[in-house]
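For reference, the structure is listed below as structure tokens.
Nothing in this text is a laboratory measurement; each read-out follows from the coordinates by a stated rule. Remember, it's a predicted structure, so these values are computed and weren't measured experimentally. Note that we place each Cβ from the backbone using ideal geometry, even for glycine, and neighbour counts take in every protein chain shown.
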Amino acid sequence: MARATTTSDVFNAIGEPQRRRILTLLRAGELAATEIAEELDLAVSSTSKHLRVLREVGLVRVRDEGRQRYYSLDATGLRQVHEWTGGFERFWAESLDRLEAYVGELQRKEEDDACG
Amino acid sequence: MRVVEGIEREEDRQIVTTRLISAPRELVFRAWTDPRHLERWFGPYGFTTTTRVFEFRPGGVWEFEMHGPDGTVFPNLIEWVEIVPPELLRYRQQGGRDDDQNAFETTVTFADRDGATELTLRTIFRTKAQRDYVAENYGAVEGAIETLARLTAYVGEMEGTGA
């Protein structure tokens, strides 16, 4: 179940399987909270709690229409995850940091060998 | 040379990265030529690399797997297209043997700058859309949600064990 400590962090928010199911479902497009509950066979109250957590970390956005609340995926929260997973720029920034350190190591080793 | 597909301008389909490294280019070039070296630095922090095949010659391949911090395995295949020691490397890269449609080509140049090396990586994609996709998802080849699910599986496990 949603715990208070999980609400502020996107990674904790998606560590919960039901919330991942909700995100997967929303890939197809916007859905009302009641439709999500029905589709996933969840209680409306627990669906609402999960949706609130997802909304607080920026993974879903909400739109009110009449008496219904409609939810869709929000890229704001996804961006954080992309930054963590890498992307091309980070891949090479970190690889080249490592290359630089490694080449320095090789260089020192060869100088030592030459002296010894 | 492979004919680059697409009609979009090259500058819209490429990513260029440069880095000045304070070591002679012969040494920097050498770090690219042997899996013992490549495995020590290729990939972001927390990733490890396992080489399956390594043939350092034009037309030869470096077939390897990258292991992400969460255990996700990313198959990779690099085919060396052009090798000019210690100045230039050109290679075609794709995610494993069957991922041909997502291949892209990178040219690495090693320029001497008073004993240091200016490294330039220029990757050209087939289309701007492919570039934008790879720019965002490289190292996370699945769709965003699957990626979320996979990357955080271990977070879920930690929660489950009460850690």
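Near the amide H of B:Ala23, within less than 5 Å, lie the amide hydrogens of B:Thr117, all on another chain or at least 5 residues away, with H placed in the peptide plane. Per-residue shielding of B:8-17, expressed as the average number of other chain Cβ atoms within 10 Å of the residue Cβ, stands at 1. Between the stretch A:32-76 and the stretch B:82-103, the alpha-carbon centres lie 44 Å apart. A simple count of charges around B:Ala111, restricted to other residues whose Cβ falls under 9 Å of its Cβ and scoring Lys, Arg +1 and Asp, Glu -1, yields -1. For the stretch A:20-29, the Karplus equation 6.51 cos²θ - 1.76 cosθ + 1.60, evaluated at θ = phi - 60°, returns couplings of 5, 5, 4, 4, 4, 4, 6, 4, 6, x Hz by residue, with Gly and Pro reported as x. Across peptide A:99-109, the average count of Cβ atoms from other chains found within 10 Å of a residue's Cβ is 6. Taking every residue in B:36-44 and counting other chain Cβ atoms within 10 Å of its Cβ, the average works out to 5.
Placing a label point 7 Å from the Cα of A:Ala32 along the Cα-to-Cβ direction, the residues of the stretch A:48-72 whose backbone N falls under 13 Å from that point are A:64-71. The protection proxy used here, the mean number of other Cβ atoms lying within 10 Å of each residue, ranks peptides B:19-29, A:101-111 as follows, highest first: B:19-29, A:101-111. Distance distribution note for the stretch B:27-133: the fraction of Cα pairs above 20 angstrom is 43%.
Take each peptide in B:34-41, A:37-44, count the other Cβ atoms within 10 Å of every residue, and average; sorted highest first, the result is B:34-41, A:37-44.
Among B:86-97, A:24-35, the peptide with the highest mean count of other Cβ atoms within 10 Å heads the list, and the full ranking is B:86-97, A:24-35.
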